[in-house]
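What follows is a single structure, written as structure tokens, with notes after it.
Any read-out appearing in this document is the output of simple, stated calculations on the displayed coordinates, not a laboratory observation. Predicted, not measured: the structure shown is a model, and the values here were computed from it. Note: ideal-geometry Cβ built from the backbone for every residue, glycine included; neighbour counts use all protein chains shown.
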Amino acid sequence: MAIAPARHRRGHTALAPQRGIELIIDNISPSGAATRSVSDYAELSRRIRGAGLLDRRYRYYAMKITGNIVALAGAWVAFAYIGDSWWQLFVAAFLAIVFAQLAFIGHDAGHKQIFRTRKPNDAIGTGHGGLVGMSYGWWISGHNRHHANPNHEDDDPDLDIPALAFTSGQARLKRGFLRWMAKHQAWLFFPLLTLEGLNLHVSGVRALLRKEIKSRRLETALLLGHFALYLGAVFLVLSPGLAVVFIVVHQGLWGIYMGSSFAPNHKGMPTMTDEDSLDFLRKQVLTSRNVRGGRVVDFVLGGLNYQIEHHLFPNMPRPNLRHAQPIVRQFCADRGIPYSQCGLFRSYGYVLRHLHDMGAPLRAARA
């Protein structure tokens, strides 16, 4: 089989030895996968639904959205009050946090976690995309493909990053400057995340120009409005030099926050190719990693720390994920399915170690 298991390290909780991942994968035929998909996942779904964990949480989201909007408004009021001062860099840092929290709401809306039907979720998601200057339609298209094929070497768009090599196959294909970056990608990873905010803006604009977005006119108007108001406010209130520094700090920190929230979830976990045959439950669990840490981490990562539960039940409301976690973990334990979970900083260590390992053959090869 082509699936490549991640290394199993001390402190990385799983309910079966790492070699068990290989054995499970090797012993699943397409017919066996279909059978397990029907029986195991159906049984887990019954338990989750019986616990009421797929019920909507309207009050939670009303409070969450209101709090985010108040924080956003407060940040811009403070921006106007402080004026042309280097103290504005604290506002830039705070706005980076607010933008990430707004983006998390857009993520939840994209999965229909807020309302039961698509239209009101899309309205919330599109609006929040406009607030942070990214295309909701572009993002949800790629994110849905990621959920359908997590950590798939060819089909997961989250693994298709030119500057990085997440598999040995990707590393071999790197040429020129991208090859040099892949060699040193573990050291470059967090510096590169400072560009993630810019990438979110640019990718959305490109998708709109290519007419790839269903609500193209609405999203174009929202993005133009965002950029006009954002840049207008920054350059009207601040001197040109400080305005540029403000934008760099704000967008850079937002990019680091966003990248650091999504990176621990799959990077360094097993990757798949078309040769692998896994049922839905095992495909989602074996390629995902949870991050423990309690309610503080729940807030900081926007619920993405329960990545296994989120991938198994994408439309589960965010606050219910923490209650689903012990059910899913015990279910996996009963069936001998490895369930990966570790602390936040240890998860970054796994990500960096994986990137370092993927770049090792390139560093060893002669230039």
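Under 5 Å between amide hydrogens, which residues at least 5 positions from residue 340 or on another chain qualify, with H placed 1.01 Å from N in the peptide plane?
Answer set, sorted by chain and number: 290.
If packing is taken as the average number of other Cβ atoms within 10 Å across a peptide's residues, how do 92-102, 179-189 rank, most packed first?
92-102, 179-189
Using the Cα centre of the range 196-261 as the reference point, and only Cβ charges (+1 on K/R, -1 on D/E), how large is the resulting charge dipole? Debye, rounded to the nearest 20.
Roughly 360 debye, rounded to the nearest 20.
For the range 283-289, just list the computed ³J(HN,Hα) in residue order, Karplus coefficients 6.51, -1.76 and 1.60, θ = phi - 60°, integers in Hz, with x standing in for Gly and Pro.
Here the 3J(HN,Hα) series is 4, 6, 6, 5, 9, 10, 10 Hz.
Give the shape of the range 99-175 as rounded, prolate or oblate, defined through the alpha-carbon gyration tensor: a ≥ b ≥ c are the square roots of its eigenvalues, a/c under 1.5 means rounded, and otherwise the shape is prolate if a/b is larger than b/c and oblate if not.
Because a/c hits 1.5 or more and a/b exceeds b/c, the range 99-175 counts as prolate.
Convert each backbone phi in the range 266-281 into a coupling constant with the Karplus relation 6.51 cos²θ - 1.76 cosθ + 1.60 (shift: θ = phi - 60°), then list the ³J(HN,Hα) values in order as whole Hz, x for Gly and Pro.
These are the phi-based 3J(HN,Hα) values: 9, 5, x, 8, x, 10, 10, 10, 5, 6, 8, 10, 10, 6, 4, 4 Hz.
Scan (1) 21.7, 78; (2) 21.2, 66; (3) 22.4, 88 for the value of Rg and Dmax of the Cα atoms in Å calculated from this model and give just the label.
(2)
Which value at 222 nm does the chain reach when only helices count, each DSSP H run of 4 or more adding -39,500 (n - 2.57), with the total divided by all residues and rounded to the nearest 500 deg cm²/dmol?
Taken over the chain, the calculation gives -20500 deg cm²/dmol.
Roughly how big is the chain's charge dipole about its Cα centre, with Cβ charges of +1 (Lys, Arg) and -1 (Asp, Glu), in debye to the nearest 20?
In debye, rounded to 20, the chain gives about 300.
So how strong a dipole does the range 58-264 carry about its Cα centre when Lys and Arg Cβ are +1 and Asp and Glu Cβ are -1, to the nearest 20 debye?
460 debye
For the range 196-297, take N as its residue count and report Rg(C-alpha) divided by 2.2 N^0.38 Å.
Rg over 2.2 N^0.38 Å, computed on Cα atoms: 1.52.
For the chain, list the DSSP H helices whose alpha carbon atoms reach 15 Å or more along the long axis and whose average Kyte-Doolittle value is 0.0 or above?
Helices meeting the criterion: 58-82, 88-110, 196-209, 216-237, 240-262.
For the pair residue 84 and residue 148, what calculated FRET efficiency results from E = 1/(1 + (r/R0)^6), where r is the Cβ-Cβ distance and R0 = 45 Å, to the nearest 0.05?
The calculated FRET efficiency here is 0.40.
Could you tell me, in Å, what Rg and Dmax come out for the Cα atoms of the range 266-306?
13.0, 40
Given all pairs of different Cα atoms, what value in angstroms does the Kirkwood hydrodynamic radius of the range 129-258 take?
16.5 Å
Could you sort the peptides 196-208, 262-274, 53-65 by per-residue average Cβ neighbour count (10 Å cutoff), highest mean leading?
Ranking the peptides 196-208, 262-274, 53-65 by packing returns 262-274, 196-208, 53-65.
Mind listing the long-range amide H neighbours of residue 152? Cut-off is under 5 Å, sequence gap 5 or more, other chains count too, H placed in the peptide plane at 1.01 Å from N.
Result for residue 152 returns 272.
Can you work out the FRET efficiency for the pair residue 211 and residue 233, with r the C-beta to C-beta distance and R0 = 30 Å, to the nearest 0.05?
Rounded to the nearest 0.05, the efficiency is 0.50.
May I have the count of lysine pairs in the chain with C-alpha atoms under 26 Å apart, counting pairs 8 or more residues apart or located on different chains?
12
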